[in-house]
Amino acid sequence: MSETEAVETPSRTYRIVVAEDAYLVREGIRQVLEQEDEVEVVEFCSDLSSLLQAVERHAPDVVVTDIRMPPTNTDEGIRAAATLREDSPDIGVVVISQYVSPHYAIKLFEDGSARRAYLLKEHIGHRNHLMGAIREVASGGSVVDPAVVEVLVESRTR
């Protein structure tokens, strides 16, 4: 190989399960992730039960999940993250939500921030933002939306 030939390193492919009950949001996530060569979405789910079953079937690298989904529409995404922390600690979890809640953030990070992200849907302005979070949690890091940090600090000072 000559010096001018570029050595291309193979990029990693992230296997992802997406859990989102809102059809339009789910389809938006599908369109965004289908544009990424380094992503293979192995399943889309719309509730907690199907999410946990999909994780068991596919052993993904990352789960992208809404916080509120059926059956109770309260904190299913946070509960899924806690279950995965215990049963499959190497799986990263990107929680996306329209809710900025210190309660959700504390529950998500209470056993550590490694492989966890909390993003606000309204702040994901480009697919690179979502992909950055996926890469970060897959590699063991964490990502927290600045608005979530502000709410945590504010609740702490009260």
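I want the local charge near Val143. Using Cβ-Cβ distances under 11 Å, sum +1 for each Lys or Arg and -1 for each Asp or Glu among the other residues. Please list the in-between numbers first.
Numbers: positive: Arg115, Arg116, Arg135; negative: Glu136, Asp145.
For residues surrounding Val143, the net value is +1.
Where only protein heavy atoms count, and the probe is 1.4 Å, what is the accessible area per residue for the chain in Å²? If you can, show how the numbers build up before the last one.
Working: 8660 Å² over 158 residues.
So the chain comes to 55 Å² accessible per residue, rounded to a whole number.
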**Request:** For Asp87, tell me the accessible area in Å² from a 1.4 Å probe, rounded to the nearest 10.
**Result:** 110 Å²
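Counting only protein heavy atoms, what percent of the accessible surface of the range 23-113 is carbon or sulfur at a 1.4 Å probe? All intermediate terms of the calculation are to be shown ahead of the outcome.
Numbers: 2080 of 4490 Å².
Ligands and nucleic acids excluded, carbon and sulfur give 46 percent.
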**Rounded to whole Hz, the Karplus (6.51, -1.76, 1.60) HN-Hα couplings of the range 27-39, x for glycine and proline** = 5, x, 4, 4, 4, 5, 6, 5, 7, 9, 5, 8, 10
**Message:** If the only charges are +1 at each Lys and Arg Cβ and -1 at each Asp and Glu Cβ, what is the size of the charge dipole of the range 22-158 around the Cα centre, to the nearest 20 debye?
**Reply:** 420 debye
**Message:** Using the Cα centre of the chain as origin and beta-carbon charges of +1 (Lys, Arg) and -1 (Asp, Glu), tell me which of Ala81, Leu33, His126 is placed farthest towards the positive end of the dipole.
**Reply:** Ala81
**Prompt:** Hey, how many Å between the Cα centroid of the range 21-50 and the Cα centroid of the range 87-102?
**Reply:** 15 Å
**Item:** Theoretical gain in end-to-end length, Val25 to Ser49 [0.36 nm per residue, Cα-Cα removed]
**Value:** 6.7 nm
**Request:** Work out from phi, with θ = phi - 60° and the Karplus expression 6.51 cos²θ - 1.76 cosθ + 1.60, the ³J(HN,Hα) of each residue of the range 86-98, listed in order in whole Hz, and give x for Gly and Pro.
**Result:** 7, 8, 9, x, 7, 8, x, 10, 9, 8, 10, 7, 9
**Asked** What residues have an amide H closer than 5 Å to that of Gly141, excluding those fewer than 5 places away on the same chain, when H is modeled at 1.01 Å from N in the peptide plane?
**Response** Arg115
**Item:** Calculated semi-axes √(5λ) of the Cα gyration tensor in Å (choose from (1) 37, 16, 12; (2) 27, 19, 15; (3) 22, 19, 16), label
**Value:** (2)
**Item:** For Arg15, residues with placed amide H under 5 Å, excluding near neighbours
**Value:** Glu40, Asp61, Val62
**Asked** Put Val95, Val151 in order of accessible area, largest first, 1.4 Å probe: what do you get?
**Response** Val151, Val95
**Built amide H within the under 5 Å cut-off of Val93, gap 5+** = Val63, Arg116, Ala117
**Asked** Under the Karplus relation 6.51 cos²θ - 1.76 cosθ + 1.60, θ = phi - 60°, what is the ordered set of whole-Hz ³J(HN,Hα) values for the range 128-143, x standing for Gly and Pro?
**Response** 4, 5, 5, 5, x, 5, 4, 4, 5, 6, 5, 8, x, x, 9, 9
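The values are calculated or read from the model by the stated rules, or taken from the named source; none is laboratory data. What you see is a predicted model; the values in this text were computed from it and never measured. Cβ: placed from backbone, ideal geometry, glycine included. Neighbour counts: every protein chain shown. We work out accessible area using only protein heavy atoms, side chains counted, and drop any ligands, DNA or RNA first. Shrake-Rupley method; radii C 1.70, N 1.55, O 1.52, S 1.80 Å.
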